[in-house]
Each structure stands twice: as structure tokens, then as C-alpha cells.
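The values are calculated or read from the model by the stated rules, or taken from the named source; none is laboratory data. All of these numbers come straight from a predicted model, not from anything done at the bench. Note: ideal-geometry Cβ built from the backbone for every residue, glycine included; neighbour counts use all protein chains shown.
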Amino acid sequence: MKINLNRMMDMLSEVNQITDEGEGVTRPAFSDFEDQAHGWFINKCKAHGLETYQDRFGNSFATIGPGEEKGLLIGSHLDTVNNGGEYDGALGVITALETVITLLENGVELSKPVTVVAFRAEEIGLIGSSVFSDLIDKSGNFAERMAGIGRTPEDVENAIGYKDFTDYLELHIEQGVYLENNALDIGIVNAIASMHQLNVTVFGEAGHAGTIGMRERDDAMMNASKLLVEFEKIVKSYGPPFVGTAGTLEVFPNSSNVIPGKVEFTVEVRGDDMDKLHAILDSFIEYAERDFKTNITKSIDKAPAHMSDGMIDAITAACEATDMKYELMMSGANHDANPLSRRMNAGMIFIPSKDGISHNPREFSSKEDIETGAAVMLEAVKRLLSK
């Protein structure tokens, strides 16, 4: 039993014709283009004899198999960033759809239903999958926030559907270079990185750039640079998979002839171990508060999402059955599998990304890598159905 690569590539090409003007693919969350892509998905599934459904939030589903059992959910999302690539999200939906079509064409007897899902609005915060998992933030002005995207709190309640499923499996491009650099066919995700972010303000004393000597200065910019060098040193000392990023920086008063009196920046760390991540931040805060005048606040503190051992075992067995080179790895990027993993068994399959390029028109995965990923997906689904 094999997937039909030509059909897969045709479907991927079709859905990526649904885009705003400009370079790459632009199919933003809650846009007419995302709506059209979900309409395409529903029509394509119907054409292949799948039973389709769209919840009131807009997540789309297509099912084969008996309806009385809790099912297996496979898929990804169809929205993109502006001027994005052809593979992020859409390839996961197409691979899942091709898997189900292949099972149907080969008359595989299913022990439970298999459902393909296309989630909404992954790129702006995993919104569709968080609604489905009943993990969306409903605090504060929730009704107003939903109105801003054309939804109501009642729509959200209608779209909670995780209780009908036992497992979730998602294929995605890696969006990094690890698989390519290590000549690996498949990455088996064991965790999606946690995210921890600090807002840092460094204080100095503003002054004339030409009249105050170097020894007399209290330069907030120079102090901030020392902090950032120390931050990088601390993160590197913990080794992979921990990464740290200084993503924003503002200088005050931001004038070429004034010594900076204040600098604000953010630092973010990601990894798969909460204790070590907190240790990284604690070390940085201790250094900053000991030697500099600072104000530091935590803005994001999210726990990692661990994939289930059973799903990892099924993907591992699928790789070995198809003779694929694989390795367990952490995902530094966030995915719909994150909220799903908090409600059911979840797993992710990565395929290589050329040069690690993503969220970019030059995003690319070869037909060979796509076929490899689809073969592993099909084999993993067969194993999950037999357990």
C-alpha cells in the first residue's frame, strides 16, 4: 500500500493557488483566502467520499470509518504568514488527506474512525486548535476579542471537540537545518519547546556625547550590551536544545549625540526542561541585578508540550518498517500539536526543510522528502489503528 505522490503534489498545488497577490503564499488567518482554502478542503474531501463537517469556529474535518468509537485525528492548518511558503501547515493537511484516501482506496478495515483536520489560525497563536481543545483564553474581554474575528463565545463552545479523539498526529516541515545537516529522513518530535520571556530595562545617565569622558559615563547602551553578551554565554553553557534570543531593543533618547540613558529589550529562552530554563533566567537576573541598574519582569512563562510515548513509539516503528533514518528531536517552533498534547496522545513527524528556510517564499521540501514523510505517516496511522 503506497500513497500517490502525484495526487499529493497536485492537491498541494491546488490549495496554494488560493492566495493574495504578491510573492509566495499569503493566506492569513480569518481572511477570505483562509475561508476559500477551507472550502477547497471540504469539496476535495467530499469528492473522495469522506464525511465532512465544519464547526462554528471554522475548523474543518473529514472522516472515514466507524462512527461509534473515539477516533484518530490527523492534520495541521491552512493559514499562512504574509508572503509565506507553500509547505508550512498545508503540507500537513494534504499528507493527512492523502493518507485517508489511500486507506479508503485499499479497503482497509478500520477499528475506529480516522479524521483529517484543517485547523484555523495557527500562525497567530494556535487559535483554532486551542478552541478545539478548550484551552483558549476566555478571560477579560473575551466576547469583544471574538467579535473582532467574526466569532462569538457560543461559536467557541460549539467547537470544543477533543473528547471525540484519543490521538493526534501531525506532519510538518522542520523549519530548521538539523535533519538536512545530519542526513536524516525524519525527525520524531518528543517535545515542543517551552517559551519564557523577560522584559528588561537598563538604566544609565543621559548626557552629551562629546563632553563626558569615557570613565565618567553611565551608558545604558554599553551596559545593555554587556548583559546581552552574558545572556548568550549562560544559554550556551546549557547546550542543545536550549536557545536564547534577544528579539527587541529600544534606546532612549535614541539620538546620535546623546549618551543613552535607558535601554529596553526582551530576552527569550526555549527548551524542553522547565527547571533548566528557569535556572537560565535566574542566572541572568542575578547577574543583571548584581552589577547593573535594571528592572526585569517576566512576560511569558509557558511549559513545554511533551509528545506521548505511545505516539513516539508508533512513529519510530513506522520509520524502522520503512527503513528511514530518524532521530528524536525537540521542536523550537510551536504547532497545533501543542494544545492537542494537553488533551490526548499527540505526536509529530518532521521532514527536512531546505536550508531551514520557512515563513518565506523560498521555503522548500523535496518531493522525495515529502514522499518519505507521507510513507511514515501512513505506516504510523496503520499501527495506531491496530493497537
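Summary table
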{"item": "Given (1) touching a helix residue (DSSP H, G or I) at 6+ places or on another chain (Cβ under 7 Å); (2) outside the structural domain of residue 242 (by TED's automatic domain parsing), index of the condition residue 294 fails", "result": "(2)"}
{"item": "Evaluation of residue 75 against (1) crowded, with 20+ Cβ neighbours inside 10 Å; (2) over 17 Å from residue 120 (Cα atoms) (one fails), failing number", "result": "(2)"}
{"item": "Any hit, the stretch 102-111, residues being modelled with pLDDT of 95 or more, outside any loop (DSSP other than H, G, I, E, B), β-branched (Val, Ile, Thr) and touching a Phe, Trp or Tyr at 6+ places or on another chain (Cβ under 7 Å)", "result": "no"}
{"item": "Residue pairs meeting the criteria (Cβ under 8 Å; at least 6 apart or on separate chains; first free of Cβ contacts under 8 Å to residues at least 40 places away in the same chain and at negative phi, in the stretch 160-176; second aliphatic (A, V, I, L, M) and buried (at least 24 other Cβ atoms within 10 Å of the Cβ))", "result": "160/131"}
{"item": "Residue count for the stretch 47-79, restricted to those that are touching a residue at least 60 places away in the same chain (Cβ under 8 Å) and either in a loop (DSSP other than H, G, I, E, B) or farther than 26 Å from residue 156 by Cα (or both)", "result": "8"}
{"item": "Search result, residues across the stretch 113-150 that are surrounded by fewer than 16 Cβ atoms within 10 Å (Cβ to Cβ) and part of a loop (DSSP other than H, G, I, E, B)", "result": "124, 125, 137, 138, 139, 140, 141, 148, 149, 150"}
{"item": "Hits in the stretch 266-284 (condition: in a helix (DSSP H, G or I) and not polar (S, T, N, Q))", "result": "274, 275, 276, 277, 278, 279, 280, 281, 282, 284"}
{"item": "Subset of the stretch 201-240 that is buried (at least 17 other Cβ atoms within 10 Å of the Cβ) and within 26 Å of the chain's Cα centre (by Cα) - its residue that is farthest from residue 298 (Cα to Cα)", "result": "238"}
{"item": "Index of the failed condition, residue 177 passing every other in (1) of a type in the set (Val, Ile, Thr); (2) surrounded by fewer than 17 Cβ atoms within 10 Å (Cβ to Cβ); (3) not assigned by TED's automatic domain parsing to the domain that holds residue 97", "result": "(3)"}
{"item": "Residue 241, sole failed condition from (1) closer than 25 Å to residue 207 by Cα; (2) in contact with a Gly (Cβ under 9 Å, 6 or more places away or on another chain)", "result": "(1)"}
{"item": "Single condition residue 343 does not satisfy, out of (1) free of Cβ contacts under 8 Å to residues at least 24 places away in the same chain; (2) under 23 Å from residue 165 (Cβ atoms); (3) not hydrophobic (A, V, I, L, M, F, W, C)", "result": "(1)"}
{"item": "Candidates 322, 316, 297, filtered to the one that is surrounded by 14 or more Cβ atoms within 10 Å (Cβ to Cβ) and over 23 Å from the mean Cα position of the chain (by Cα)", "result": "322"}
{"item": "Pick from the stretch 151-167, criterion of a type in the set (S, T, N, Q) and outside any loop (DSSP other than H, G, I, E, B), ranking: nearest to residue 120 (Cα to Cα)", "result": "158"}
{"item": "Test result for residue 246, small (Gly, Ala, Ser), in a strand (DSSP E or B) and closer than 20 Å to residue 291 by Cα", "result": "yes"}
{"item": "Per-region count, the stretch 51-81, residues closer than 18 Å to residue 102 by Cβ and within 19 Å of the chain's Cα centre (by Cα)", "result": "4"}
{"item": "Qualifying residue in the stretch 331-343 (condition: of a type in the set (Ser, Thr, Tyr), under 27 Å from residue 247 (Cα atoms) and crowded, with 16+ Cβ neighbours inside 10 Å)", "result": "yes"}
{"item": "Sole residue being in contact (Cβ under 8 Å) with a residue 40 or more places away in the chain, under 16 Å from the mean Cα position of the chain (by Cα) and on the phi < 0 side of the Ramachandran plot, chosen from 156, 117, 108", "result": "117"}
{"item": "Number of the condition not met by residue 183 [criteria: (1) at pLDDT below 95; (2) surrounded by fewer than 15 Cβ atoms within 10 Å (Cβ to Cβ); (3) more than 30 Å from residue 63 (Cβ to Cβ)]", "result": "(1)"}
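Okay, residues lined up against (1) among the aliphatic types (A, V, I, L, M); (2) outside any strand (DSSP E or B); (3) in contact with a helix residue (DSSP H, G or I) (Cβ under 7 Å, 6 or more places away or on another chain):
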residue	(1), (2), (3)
286	no, yes, no
300	yes, no, no
323	no, yes, no
333	yes, yes, no
347	no, no, yes
358	no, yes, no
364	no, yes, yes
